[in-house]
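> My questions all concern the structure below.
The values are calculated or read from the model by the stated rules, or taken from the named source; none is laboratory data. The structure displayed is predicted, hence computed values, not measured ones. Cβ placement follows ideal geometry from the backbone for every residue including glycine, while neighbour counts extend to all protein chains displayed. Heads up: the accessible areas ignore ligands, DNA and RNA and are worked out on the full protein's heavy atoms, side chains in. Shrake-Rupley method; radii C 1.70, N 1.55, O 1.52, S 1.80 Å.
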Amino acid sequence: MLRKLLKYDLENIFKFLIIFYSIGLFFALLTRVFFSIENSLVCNIIAEICSGTAISMIFSVLINNLMRLWVRFKNHFYSDEAYLTHTLPISKSTLYLSKIITAVITVFSSVGVIGLTLFVAYYSKENIELLKSIILPIADAYESNITTILLAFLLVLFVEFAVILQAGFTGIILGHRMNSMKTGFSILYGFIAYICTQVFAIMVIFIISLFNEGVMNLFVTNSMVDINIIKTVICLSISIYSIIFFIMCFINIKLFKKGVNVD
């Protein structure tokens with residue numbers, strides 16, 4: 001049954017996201033084509049316009065991915081559609097799990113498309129050299145290569161958005177326990193949940209900094225931050241946000257099991 005739920009959820013989300021994926025990649029390709037035409041003011045202007053559109057599509061992909069997942073969650077569990085959903089012989093844990101897996105797959109896909117869009121639009125030897133000059137010190141600290149570092153940054157982006165998504169789910173679950181203004185309370189509780197995750201992350205990093213002078217420099221004004229500390233912060237960010245993600249999954253499932261008030 002979980003497989004069927006995932007199939008319908010993924011079809012619902014991707015038939016919407018594919019539009020933004022396609023537009024983003026299309027304008028990324030146009031950006032590359034027009035920038036490749038030298039000594040042409042008109043082509044350069046068109047390239048800049050296409051570049052701006054491609055960048056805007058990157059943000060649109062992320063925003064609409066999150067919004068679509070939240071809307072799907074709300075409609076599936078708290079609107080007219082929910083009457084059918086809650087009559088299915090499926091546990092609430094499985095219902096919620098289907099939404100989480102769908103979210104992980106779609107957010108991972110969106111981050112991948114963003115990386116591909118940037119590659120198609122801006123890949124060149126000059127840009128690679130510029131990127132190397134920025135990232136190479138970090139790569140050296142990691143004793144790794146630039147590709148690995150870029151993937152690490154994308155992973156940080158992925159886990160961060162996964163936590164934002166979970167905060168939204170928390171807001172919807174708590175907001176729909178209210179008797180009125182459920183959408184407003186959902187937004188409020190979601191925002192509070194997100195702020196709590198950020199406070200928790202900062203507190204964990206601060207506690208670690210008490211035992212690590214390098215990390216402590218992050219909290220001290222005008223302190224020099226060693227490149228190795230950046231490596232530590234990236235690892236901490238991935239680890240902490242992953243932990244927060246699973247904690248919020250556990251909490252949301254517990255809240256979801258307590259019952260659902262269908263609009």
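> Once you list every other residue whose beta carbon is under 14 Å from the beta carbon of Leu6, what net charge do they have if Lys and Arg are +1 and Asp and Glu are -1?
Around Leu6, the surrounding residues sum to +3.
> Beyond 18 Å, how much of the Cα-Cα pair distribution for region 1-47 remains, as a whole percent?
53 percent
> Okay, moving on. Under a plain spin-label model, where a point goes 7 Å from the Cα along Cα-to-Cβ, how far apart in nm are Val156 and Met203?
Label at Val156, label at Met203, 2.3 nm between them.
> To continue, here is another question. As I understand it, the dipole of region 12-93 uses +1 on the Cβ of Lys and Arg and -1 on the Cβ of Asp and Glu, about the Cα centre. Which of Ile46, Pro89, Leu30 lies farthest toward its positive end?
Pro89
> Once you've got the Cα coordinates, tell me which of Lys7/Lys254; Lys4/Lys99; Lys74/Lys254 are over 19 Å apart.
Too far apart for the 19 Å limit: Lys7/Lys254.
> Further, regarding this structure: Please give the per residue accessible area of region 16-127, computed with a probe of 1.4 Å over protein heavy atoms only, in Å².
Ligands and nucleic acids excluded, the result is 52 Å² per residue.
> Averaging sequence separations of C-alpha pairs under 8 Å and six or more residues apart, then dividing by the length of region 12-93, give the relative contact order as a whole percent.
29 percent
> Along Cα→Cβ, 7 Å out, is where each label goes; now give me the distance between the ones at Ile90 and Cys235 in nm to one decimal.
According to this spin-label approximation, the distance is 4.0 nm.
> Compute and list, largest first, the equivalent-ellipsoid semi-axes of region 7-122 from the alpha carbon gyration tensor, each √(5λ) rounded to a whole angstrom.
39, 12, 9
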